[in-house]
Amino acid sequence: MTRNRWNIAIVGPGKVGLAFGKVLRKRGDAITAVIARSATSALRGGKYLRCANTGTQLELIPGDARVVLLTVPHSSIEPVARDLARLTHLSFSGMAFCHASGMLSAAALAPLADQGATVASFHPLQTFPRDFPPEKIVPTLPGIWYGVDGDAKGLRFAKQLASRLGGKTVVIPTEMREYYHAACVVASNHLTALLGVLEEMHRALDLSGATYHELFRPIIETTLRNVTATSPVRALSGPVARGGTETIGRHLETIRQHTPELLPYYAAMTLATVRLAMAKESIDEHRAAEFRGLVDAYHSLHPPSDKPR
Ligand SMILES: NC(=O)c1ccc[n+]([C@@H]2O[C@H](COP(=O)([O-])OP(=O)(O)OC[C@H]3O[C@@H](n4cnc5c(N)ncnc54)[C@H](OP(=O)(O)O)[C@@H]3O)[C@@H](O)[C@H]2O)c1
């Protein structure tokens, strides 16, 4: 592992595996095997990473591979680790393996650790959307964090790998792994869902002249800047922070009329905003209880429905 150039095998040339492979190859490491579930996927990955050794068999991993990236879906990590540990041509004690799942710790690679290999979890705190081509994803890697765990050797390896990818590591306590992943979902998927709600509301407004993104971008960008420059508590403005129960009541009613399927979202986010306004001390417990009562009344009158319009 002290050699400057790593021979790397990629098992799972999907969005994450291809982006990792591209950056590592560019910085001088060698991609010496690309293995997928289907030959087509392996071939496509090999072409992208300029590696001719591709296929569906783990036996294709050359004996001189020093690093194996298991960038397979999280349900395949443990079975693939078990199969890898049975390979007789690999010198495990000189090798390092990692997976990229946010949900699983390094323990998912235990069969490889039992063979003497260095193992780590290595979860990129970034989004790799299925519909985006690798060339759009690769530039989003520099500067990101990797949620990692492992023993001392595993952590050292994870740190080296992150540094080769232009990123940094943060150690996630094993017992908090799932909670950490839930936080990542809030950061990316919930933000995307929130913008999806906004797009639906813009559609219901039926305005001409500006897309939802053009119209709302300035307020979104200023809000994000304010929050990152100070804190969510300090950056909070609007009717909940001002104690405007009547306004929120009217919002719930107009949303019920025009886009009832968005009521559960608005109700849940009102409750989250009330918690923030309490922390800001801009509303008292009495006013907070009024907001909660308003939301509860809407929930009981109009049970949540997720039917598409
Ligand atoms: N996508 C994200 O935003 C994101 C973010 C952070 C972390 N992650 C994690 O990164 C990992 C990879 O995710 P991804 O989005 O890159 O997945 P992906 O695009 O679906 O790619 C998965 C790859 O694994 C291959 N594969 C599946 N089962 C296999 C097996 N048993 N043996 C060998 N190869 C196998 C697939 O091959 P075929 O095409 O032939 O099926 C495909 O090349 C996951 O653990 C995920 O949780 C993903």
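The values are calculated or read from the model by the stated rules, or taken from the named source; none is laboratory data. On a predicted model such as this, the values are computed, not experimentally measured, just so you know. No Cβ is skipped: glycine too gets one built from the backbone with ideal geometry, and neighbour counts run over all protein chains shown.
General remarks:
- No other residue among Leu191, Leu224 is within 16 Å of the ligand (Cβ to nearest atom) and either out of contact with any Cys (no Cβ under 8 Å at 6 or more places or on another chain) or in the same structural domain as Ser93 (by TED's automatic domain parsing) (or both) apart from Leu191.
- Some residue of the stretch 100-120 being of a type in the set (A, V, I, L, M, F, W, C) and closer than 27 Å to Met269 by Cβ: yes
- Total residues in the stretch 62-78, condition within 11 Å of the ligand (Cβ to nearest atom) and out of contact with any Phe, Trp or Tyr (no Cβ under 7 Å at 6 or more places or on another chain): 7
- Every residue from the stretch 47-58 that is farther than 22 Å from Leu87 by Cα and surrounded by 17 or more Cβ atoms within 10 Å (Cβ to Cβ): Tyr48, Leu49
- The set of residues in the stretch 217-250 that are more than 24 Å from the chain's Cα centre (by Cα) and not in a loop (DSSP other than H, G, I, E, B) comprises Pro218, Ile219, Val233, Arg234, Ala235, Thr245, Glu246, Thr247, Ile248, Gly249, Arg250.
- Answer from Ala117, Ala36, Ala42 - the residue that is surrounded by 14 or more Cβ atoms within 10 Å (Cβ to Cβ), closer than 20 Å to Arg156 by Cα and of a type in the set (Gly, Ala, Ser): Ala117
- Pro264 vs. criteria within 25 Å of the chain's Cα centre (by Cα), surrounded by 13 or more Cβ atoms within 10 Å (Cβ to Cβ) and of a type outside the set (Ser, Thr, Tyr): yes
- If the condition is being part of a helix (DSSP H, G or I), in contact (Cβ under 8 Å) with a residue 24 or more places away in the chain and within 34 Å of the chain's Cα centre (by Cα), then the stretch 270-293 contributes Thr270, Leu271, Thr273, Val274, Leu276, Ala277, Ala279, Lys280, Phe291.
- Count of the stretch 246-273 residues, restricted to those that are touching a helix residue (DSSP H, G or I) at 6+ places or on another chain (Cβ under 9 Å), of a type in the set (Asp, Glu) and within 17 Å of Phe291 (Cβ to Cβ), is 1.
- Residue in the stretch 257-265 that is of a type outside the set (Asp, Glu), closer than 23 Å to His286 by Cα and not in a helix (DSSP H, G or I) present: no
- Single residue of Asp284, Asp296 found to be at pLDDT below 95 and either out of contact with any Pro (no Cβ under 6 Å at 6 or more places or on another chain) or closer than 23 Å to His190 by Cα (or both): Asp296
- Pair list, Cβ < 8 Å and 6+ apart or interchain, from the stretch 155-167 residues that are modelled with pLDDT of 95 or more to residues that are part of a helix (DSSP H, G or I): Arg164/Val23; Arg164/Leu24; Leu165/Phe20; Leu165/Val23; Leu165/Leu24; Gly166/Val23
- Meets criteria (hydroxyl-bearing (Ser, Thr, Tyr) and under 18 Å from Pro133 (Cα atoms)) for Thr71: yes
- The residues on offer are Gly243, Gly238, and the sole one that is of a type in the set (Gly, Ala, Ser), in contact with a helix residue (DSSP H, G or I) (Cβ under 8 Å, 6 or more places away or on another chain), at positive phi and surrounded by 17 or more Cβ atoms within 10 Å (Cβ to Cβ) is Gly243.
- Selection within the stretch 164-188 - part of a helix (DSSP H, G or I) and more than 19 Å from Leu104 (Cα to Cα): Arg164
- Selection count, the stretch 1-59, where residues are hydroxyl-bearing (Ser, Thr, Tyr) and away from the ligand (no atom under 14 Å from the Cβ): 2
- Contacts under 7 angstrom Cβ, first residue in the stretch 247-267 being of a type in the set (S, T, N, Q), partner in a helix (DSSP H, G or I), 6 or more apart: Thr259/Glu200; Thr259/Met201; Thr259/Ala204
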